[in-house]
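Have a look at the structure below, then the notes.
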Amino acid sequence: MMIRHIHVDECDSTQDILKEQLSTQTHFAQFLVSCENQVMGRGRGSNVWKAMPGTVCFSTNLAAHPTLSFTALELSVLVARFFEARGRKLLLKWPNDLWDESRRKCVGILVQGTQNALLAGIGLNLFSDDENFGGIFEEAFALDKKHAAREIFDFINSHRYTNKEDLIRDWEARCGHMNEMVTVTEGSEVHRGSFVGIGEYGECLLKDGDKSYRLYNGSLRLIR
């Protein structure tokens, strides 16, 4: 498969460059766009991804998981597995974030569909200089962002899931809030309950006494 890796010093968003490449370059099957500094990275909704010296950001076009709604969950598991092989434990937060062991966000994943492709943007804090955000590693180190992005990208490409049951098992095994009380805000509605897993479409399963909820989108927060 023909892959083109584009690495730039600075950009507003790697997804913007990716969309531009997809519209003009038709002889590559897949693109990887990474950068030294992303100044307007996007998260879910109106959220903005804050870049730091230890941040690696990249975007790629990729095939969807056979169950489309599992694609972001699949990428979360694969990123966690990549760092587990390097001695770092990450926790998954529904639907598409990863925490460090102190349950501070250190990875965000955004999957978007266009007319012709599925686009994934991944931002990782390999180390953090902001106490409000987590880091995968505790100490700063010399970082080759281009190489790091390519290593993670190659791991994702070579370890995709085909079996949904395996993916659900691996996601739930790494969940950082399994059986804990949470709220999930979906539009103007706030649901409260114990997070008991993910369903057949990747939806959040909540249980509150004798009531059960299946939530397909929303923002999850722990009840402390």
Which pairs have Cβ atoms under 7 Å, sit 6 or more apart or on different chains, and link a residue in region 52-73 that is assigned by TED's automatic domain parsing to the domain that holds Glu139 to one that is β-branched (Val, Ile, Thr) and part of a loop (DSSP other than H, G, I, E, B)?
-> Pro66/Thr162
Of the residues in region 104-154 that are of a type in the set (D, E, K, R) and in contact with a Lys or Arg (Cβ under 8 Å, 6 or more places away or on another chain), the one that is surrounded by the fewest Cβ atoms within 10 Å (Cβ to Cβ) is Asp130
State whether one or more residues within region 166-186 are under 30 Å from Arg4 (Cβ atoms) and either among the β-branched types (Val, Ile, Thr) or at pLDDT below 95 (or both).
-> no
Might you let me know whether region 164-177 holds any residue that is out of contact with any helix residue (DSSP H, G or I) (no Cβ under 8 Å at 6 or more places or on another chain) and farther than 23 Å from Ile122 by Cα?
-> yes
Of these, Leu73, Leu92, Leu98, which one is closer than 19 Å to Ser158 by Cβ, aliphatic (A, V, I, L, M) and within 13 Å of the chain's Cα centre (by Cα)?
-> Leu73
Is it true that some residue in region 115-129 is charged (D, E, K, R), in the same structural domain as Ala63 (by TED's automatic domain parsing), without any contact (Cβ under 8 Å) to a residue 40 or more places away in the chain and farther than 24 Å from Gln30 by Cα?
-> no
Taking the condition in a loop (DSSP other than H, G, I, E, B) and either in contact (Cβ under 8 Å) with a residue 40 or more places away in the chain or closer than 20 Å to Ala64 by Cα (or both), does Leu220 pass?
-> no
The correct count of residues that are on the phi > 0 side of the Ramachandran plot and over 19 Å from the mean Cα position of the chain (by Cα) in region 214-224 is 0
The condition of being touching a Pro at 6+ places or on another chain (Cβ under 9 Å) and among the small types (Gly, Ala, Ser) holds, among Ala80, Ala72, Ala85, Ala64, only for Ala72
Among Ser34, Ser13, the single one that is hydroxyl-bearing (Ser, Thr, Tyr) and either modelled with pLDDT under 95 or over 28 Å from Cys175 (Cα atoms) (or both) is Ser13
Condition met for Glu151 (of a type outside the set (Val, Ile, Thr), at pLDDT 95 or above and more than 30 Å from Asn37 (Cβ to Cβ)) | no
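The values are calculated or read from the model by the stated rules, or taken from the named source; none is laboratory data. Owing to the predicted nature of the structure, the values given are computational and were not obtained by experimental measurement. For neighbour counting, all protein chains shown are included, and Cβ atoms are generated from backbone atoms with ideal geometry for every residue, glycine included.
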